[in-house]
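The values are calculated or read from the model by the stated rules, or taken from the named source; none is laboratory data. As the structure is a computational prediction, the values presented were derived from the model and not from experiment. Cβ placement follows ideal geometry from the backbone for every residue including glycine, while neighbour counts extend to all protein chains displayed. The area values use the complete protein model at the heavy-atom level, side chains included, leaving out ligands, DNA and RNA. Shrake-Rupley method; radii C 1.70, N 1.55, O 1.52, S 1.80 Å.
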Amino acid sequence: MRQIDKAVMALMAAACATAAAAGPDYAKMAHDMLSSDFRSKGPATVERVVQQDEVQKICSEQPAARSKKVDAKIEASQLKTIVYPADGVWLGKWEEGEKIAQNGRGMQSSDAVGSVNGGNCYACHQLRKDEISFGNIGPSLYQYGKLRGTSPEIVRYTWGKIFNSQAFRACSSMPRFGHNGILTEAQIRDVMALLLDPASPVNQ
Ligand code: HEC
């Protein structure tokens, strides 16, 4: 999720918390304000902010009120959304995966409609050792394949995690790359290779 989206979510969550205590429907006011004052530009559409799916709504509106039961429900519903590769080909080219992981473009107001999105994995994860610029919102994925192995279970889990991170952690801050159409199946394959191919720099 980009900075602007995060700021908007924080605003909405704060508005909800205040509304619960006070009375006026601040959540609705915030929603109305966003709907009327934000303008769509290119692939950055207002709908993405004001029309959240059910899960995103729960994650945005009730961060404190969420119980283990709610989380389990979210994860079960998200698990059902995962589309695994029908042809049984799980890994593409790690070289392409590296480019996708480095690419932070896509779905922004300055991008052309229909342009290819990046995965921006380095914004949150360390992946290869010789890349010194990376974020640490997520755990380091350096030597991911070397440490986890490439059993069918790990391969399937990794695909699922990339496709819909919330299937394994409700309200994860990791984007739901496949579910939300950010990355294509071919791109997910390439990122999978980056994580799991023994020849990938991630596993050196
Ligand atoms: C906005 C931050 C963010 C981005 C971007 C992001 N991730 Fe994550 N990722 C996380 C967080 C946070 C976790 C750990 C919490 C969780 O499981 O959701 C995580 C967990 C993971 C895991 C599970 C690790 C484990 O130990 O099981 C994998 C695999 C992963 N990410 C791969 C990727 C790949 C590949 C990309 C790029 C296509 C990516 N992530 C992009 C935040 C991010």
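List of remarks:
- Each residue in the stretch 179-203 was checked for being assigned to a helix (DSSP H, G or I) and either near the ligand (Cβ under 9 Å from one of its atoms) or basic (Lys, Arg) (or both), and 7 pass.
- Pair list, Cβ < 6 Å and 6+ apart or interchain, from the stretch 113-137 residues that are under 18 Å from SER165 (Cα atoms) and at pLDDT below 95 to residues that are within 13 Å of the ligand (Cβ to nearest atom) and open to solvent by less than 80 Å² (accessible area, probe 1.4 Å): none
- A single member of GLN78, GLN51, GLN62 is under 20 Å from GLY178 (Cα atoms) and either buried (at least 16 other Cβ atoms within 10 Å of the Cβ) or touching a helix residue (DSSP H, G or I) at 6+ places or on another chain (Cβ under 8 Å) (or both), and it is GLN78.
- Test: residue in the stretch 115-125 that is within 12 Å of the ligand (Cβ to nearest atom) and polar (S, T, N, Q): yes
- Out of ILE162, ILE137, ILE100, sole residue that is β-branched (Val, Ile, Thr), within 29 Å of LYS41 (Cα to Cα), within 10 Å of the ligand (Cβ to nearest atom) and loosely packed, with under 13 Cβ neighbours inside 10 Å: ILE137
- Counting only helices (runs of 4 or more DSSP H) wholly contained in the stretch 33-81, the ones carrying 3 or more residues that are at pLDDT 85 or above occupy 54-61, 68-79.
- Residue check, TYR144 open to solvent by less than 40 Å² (accessible area, probe 1.4 Å), near the ligand (Cβ under 9 Å from one of its atoms), at negative phi and touching a residue at least 40 places away in the same chain (Cβ under 8 Å): yes
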